[in-house]
Every structure is written in structure tokens, then in C-alpha cells.
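Step one of this worksheet: look at the structure below.
The values are calculated or read from the model by the stated rules, or taken from the named source; none is laboratory data. Remember, it's a predicted structure, so these values are computed and weren't measured experimentally. All Cβ positions, even for glycine, are placed from backbone atoms using ideal geometry, and neighbour counts span all protein chains on display.
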Amino acid sequence: MQISPPDSDAQAIEGYEIDQLDLKIIELLQQNGRIAYSDIARSIDSPEATIRYRVKRLLDEAIISISAFINMGKVKHENVAYLELEIDPVFLEASLSQLISMKSISYIASVTGEFNLMLEYIYKDNRDLLKFINSLKSNPEVKRLNSKTILTIHKAQYPARVQP
């Protein structure tokens, strides 16, 4: 990983240099993923060809992806549960692969603290959630589990912003 000097206007993200122009483009795309390149160019006073090139590079390098996010507070038929898992470290990679492949898991991360994984599980009803929790509890690789049902989402900022 390259480390930029503190006074540099570029940031190194896993070996990829993003500068202030990239950050401005990313910010505009985060506000509206369907914004036209011409509108971005006009907004930041840069040639449209440069914007096209930069967006393509950001996409090709997997620095950004453009997708739709569901506002779970507006969706009435699905609910979100937050689960913390302590997985036996020997089986962590295999467990991760299995959990990542599940469509009902919207978020999963390795974390510090008393649990080593946290995830968000989207469920249709209490029966669905109970079935999922029981399947996790019956798995010998899962040492402990803590679950919380999310009642109301007050803020969901997806994706997170990179600070300049």
C-alpha cells in the first residue's frame, strides 16, 4: 500500500491513488448514481471525457460500484436482524464463504471484540428468523450468537463517504 504524505491531495486506497477529482466524482455519484457524465463535468468544471475515463477507472479497479439500495424503513414486508457470531477460528473462512453466499444476508464483517463476525439478516417473518437462528445455533462451528431485531432505522448511509 502506498502512503501519501499528509499534505498530499491524493489518498492511497489499497494501492490505488484517488485524488480530489475522483472524490468529487464519487460524491456526486453517491448522491445520484444515475447522474449523466455531462452533468458531473459541468458541476465540477472538468471535461466530460475526463469524467468518463475516471468513472471507468474507478469501476474497473473496483473502487466503486453503482447499485440500488433498499430503504428498509419503507419496505413493509421484510425486517432486519443484527447478529453477532463467535465462530471457531479454525472454521472462520469456511463459515464466511457459506454465509456470504446467502442472499438473505445483506451485510457481513469480521470485527473485534467478543464476537468475530457481525451480519445483517433480512427476514420475512419471525418464523424465518427463528429458523435461521436455530440453524446457526445447531452448527458446532458457531460458539456463541447474539441477535437483535432492528425496529426502526433512523439513518442508513450507504455507501459510506470517503473523507477528503
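At a glance:
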item	result
Output for the range 85-103, where each listed residue is among the hydroxyl-bearing types (S, T, Y) and assigned to a loop (DSSP other than H, G, I, E, B)	S101
Wholly within the range 104-153, strands (runs of 3 or more DSSP E) carrying at least 2 residues that are over 21 Å from L92 (Cβ atoms) and either of a type in the set (A, V, I, L, M, F, W, C) or over 19 Å from the mean Cα position of the chain (by Cα) (or both)	142-150
Of the criteria (1) in contact with a Lys or Arg (Cβ under 7 Å, 6 or more places away or on another chain); (2) farther than 30 Å from S138 by Cβ; (3) modelled with pLDDT under 95, which one Y37 fails	(3)
Which numbered condition T152 misses (of (1) in contact with an Asp or Glu (Cβ under 6 Å, 6 or more places away or on another chain); (2) at pLDDT below 90)	(1)
Residue identified as touching a helix residue (DSSP H, G or I) at 6+ places or on another chain (Cβ under 8 Å) and either modelled with pLDDT under 90 or not assigned by TED's automatic domain parsing to the domain that holds N139 (or both) among I70, I108, I66, I87	I66
